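Here the structure comes first, spelled out in structure tokens, and everything after it is commentary.
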Amino acid sequence: MEQSNASEKKNRSNTGLLLLVVLLLISNVVLLWMYMQSQKRGDDTQAQVEQISSQKDDVTHLLENMLASYDTLKTENEQLTVEMEAQREKIESLLDQVKRGNYDLAKAKKEAETLRRIMKGYVATIDSLNTANQQLTADKINLTQELGEVKGQKDALNTKAQELEGKIAKGSVLHTTSILANALFMRNNGKQVETDRAKKAEMIKCCFTLGENKVTTAGDKTLYMRVISPDGKVLRATESDNRFKFNGVEGEFSARRDINYQNQAVDACIFWTGTDELRTGQYIVEIYEAGALVSKSSFDLK
């Protein structure tokens, strides 16, 4: 009887031990499963953190690259400059919020893509403007060269025109085919007699033949005579207004005469009948028309 009781106690003890072992095994399995679940959640969390960090880096790099691109965009268009500065400020604000972690990354990425498309539009616009400016510059250079060529041709034509005008002006100057000047005195009968004596000379006569000239304008011509005495003075005219322009200066004339010139040879004489006393020596007689020297002669008085 005692042996039977002892055997039953032993069996109950073994059963309890076995039950404890089973419970321990189940507990360990449960703990292991819980550990594995916890490990898995940690891995998932780490993966999410890494994914978020990667997304944050992508958005950050995208925004920073856009800022760097804006630094290279240069234009003289004031409106574009203002617009690009406003977009740049938006990028800087978004970048600051992303770095602080105060902005939804998906939304930030979407806005960044929008900002990048806008920036690409500015790049295309500026490239187009630069191309247009380069073309305008090239056109300006070509136009300047063409204007330079035109100016050169115009200058050449002006030079030729001036040369032609000079030739015409030179060709229009009257010339004499013969000229003779001498002193005269009047006899009692009114006849004019040539003399080479200073004491007897009372007037000076200069006769000449104006040659044919088809270039000059036909019509009335005023001829001026200057008689220069041996002391270098111009013999004075009887009229008070005795000044005229010749060879680019203004001076005195001794006598003048109007003739009608019709481009054909014509004879003419001009007389000086002043009151100046004539001296001995050489006298020079010059004939002018339209400010140009027509001819000159000389004679001597003893």
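The values are calculated or read from the model by the stated rules, or taken from the named source; none is laboratory data. What you see is a predicted model; the values in this text were computed from it and never measured. Every residue, glycine among them, receives a Cβ derived from its backbone with ideal geometry; neighbour counts consider all protein chains shown.
Numbers below:
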read-out	value
Residue among 261, 224 that is farther than 24 Å from residue 185 by Cα and either surrounded by 13 or more Cβ atoms within 10 Å (Cβ to Cβ) or among the acidic types (Asp, Glu) (or both)	261
Among the residues listed as 280, 209, 222, the single one being within 15 Å of residue 177 (Cβ to Cβ) and either modelled with pLDDT of 90 or more or basic (Lys, Arg) (or both)	209
Failed condition for residue 122, given (1) of a type in the set (Ser, Thr, Tyr); (2) more than 17 Å from residue 58 (Cα to Cα); (3) surrounded by fewer than 12 Cβ atoms within 10 Å (Cβ to Cβ)	(3)
Residue in segment 269-277 that is loosely packed, with under 14 Cβ neighbours inside 10 Å, over 16 Å from residue 182 (Cβ atoms) and either out of contact with any Ser or Thr (no Cβ under 9 Å at 6 or more places or on another chain) or of a type in the set (Ser, Thr, Tyr) (or both) present	yes
Filtered residue count, segment 68-79, keeping only those that are outside any loop (DSSP other than H, G, I, E, B), closer than 18 Å to residue 124 by Cβ and of a type in the set (D, E, K, R)	1
Residue count for segment 252-266, restricted to those that are out of contact with any Leu (no Cβ under 8 Å at 6 or more places or on another chain) and closer than 28 Å to residue 200 by Cα	3
Test for residue 78: is it surrounded by 15 or more Cβ atoms within 10 Å (Cβ to Cβ) and among the acidic types (Asp, Glu)	no
Those residues of segment 271-302 which are over 12 Å from residue 196 (Cα atoms) and among the hydrophobic types (A, V, I, L, M, F, W, C), in sequence order	271, 272, 284, 285, 287, 290, 292, 293, 294
Search result, residues across segment 186-198 that are at pLDDT below 90 and either of a type in the set (Lys, Arg) or touching a strand residue (DSSP E or B) at 6+ places or on another chain (Cβ under 8 Å) (or both)	186, 187, 191, 192
Residues of segment 173-207 satisfying the condition of being within 17 Å of residue 227 (Cα to Cα), outside any strand (DSSP E or B) and under 60 Å from the mean Cα position of the chain (by Cα)	none
Segment 80-105: number of residues that are touching a residue at least 12 places away in the same chain (Cβ under 8 Å) and in a helix (DSSP H, G or I)	13
